[in-house]
Structure formats: structure tokens, C-alpha cells
């Protein structure tokens, strides 16, 4: 991830299903992170979270809610940059629409980022990573 963060070329990450574990961490280093509407993205599965926190893997639903792993949650936390809608209906038709939307987004982002100097690409990635999530100062 350290080496990836220093790359002077744009990185576009796309979460299309279940992004978890160390691979999920690496996806977060992208200049832009896109996520399908029904995908989930976290460093740990809800089952693992429940097992570690409560020693009870049956509390996965509660764990998933606390983990904020949905596209909507992660967009609000600035972990991802855009949610790609997944239309309902025929599977083949839905797949074609999602593929078309992803292609459009990748083309747009590539066009924008290829105008950026390498140092700006690295700085944008750094600033994105620094501004993820939220925290509260207690006291």
C-alpha cells in the first residue's frame, strides 16, 4: 500500500461485490473509489467482527450495521467517491446497464486525471485518504 500510494499514475478502484480483508485496504488507496450500489466494503466480515467483539458470530446483522459497510454509508463517510446504481430486473439487462455505467465513469475519470501532473495525482490520493471517515473529540 505504501508503494501504491507513491505511484505517479491515477488509480481507480471499483468495488463490485464484497471487498474485504487486506484487499479492501489496498482499494482505499485509489484516487477515486467507485462502488456498486449493493456491494459491501470493509476490512473484516460482519461474522468476524461479531466473533471478535462479542464472541458471538450469530450477531452478524448487528455487526454489519455498526460497521457501516454499505455503499451509502461509505459515501457519507467519504471512503468512496461514487455509487454506481444497479438496476432491478433481468440479470443480463442489469449487467449490461451496470457495465455501461462503469465504462462511462472510467472514461470520465481517466479523461480528467490524465490532465493532472504526476505530483498532483499523488497529492490528490494523499488528501483523499486523509479526509476519509469521521472522528469525534471527547472531553
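The values are calculated or read from the model by the stated rules, or taken from the named source; none is laboratory data. If you're wondering where the values come from, they're calculated on a predicted model, not measured in any experiment. Quick reminder, even Gly has a Cβ in these numbers, built from the backbone with ideal geometry, and neighbours come from all protein chains shown.
A few notes on this one:
- Odd one out for residue 107, checked against (1) over 27 Å from residue 46 (Cα atoms); (2) within 15 Å of the chain's Cα centre (by Cα); (3) modelled with pLDDT of 95 or more: (2)
- Checked against the criteria, residue 50 does not count as assigned to a helix (DSSP H, G or I), free of Cβ contacts under 8 Å to residues at least 24 places away in the same chain and within 16 Å of the chain's Cα centre (by Cα).
- The residue pairs whose first member lies in region 75-92 and is closer than 20 Å to residue 124 by Cα, whose second member is surrounded by 15 or more Cβ atoms within 10 Å (Cβ to Cβ) and modelled with pLDDT under 90, and whose beta carbons are closer than 7 Å, counting only pairs six or more residues apart or on different chains, are 79/28.
- Complete set of residues in region 18-35 that are under 15 Å from residue 82 (Cα atoms) and assigned to a strand (DSSP E or B): 32, 33, 34, 35
- Residue list for region 40-71, restricted to those being closer than 15 Å to residue 17 by Cα and surrounded by 21 or more Cβ atoms within 10 Å (Cβ to Cβ): 40, 41, 42, 46, 69, 71
- Within region 1-20, considering residues that are without any contact (Cβ under 8 Å) to a residue 40 or more places away in the chain and under 20 Å from residue 75 (Cβ atoms), the one surrounded by the most Cβ atoms within 10 Å (Cβ to Cβ): 19
- In region 67-98, residue nearest to residue 45 (Cα to Cα) [restricted to those that are assigned to a helix (DSSP H, G or I) and touching a helix residue (DSSP H, G or I) at 6+ places or on another chain (Cβ under 9 Å)]: 67
- Extreme residue, farthest from the chain's Cα centre (by Cα), among residues of region 7-17 that are at pLDDT 90 or above and not in a strand (DSSP E or B): 8
- Here residue 78 fulfils each of the conditions (1) touching a strand residue (DSSP E or B) at 6+ places or on another chain (Cβ under 9 Å); (2) on the phi > 0 side of the Ramachandran plot apart from (1).
- Yes/no for residue 106 being in contact (Cβ under 8 Å) with a residue 24 or more places away in the chain, in contact with a strand residue (DSSP E or B) (Cβ under 9 Å, 6 or more places away or on another chain) and in a helix (DSSP H, G or I): yes
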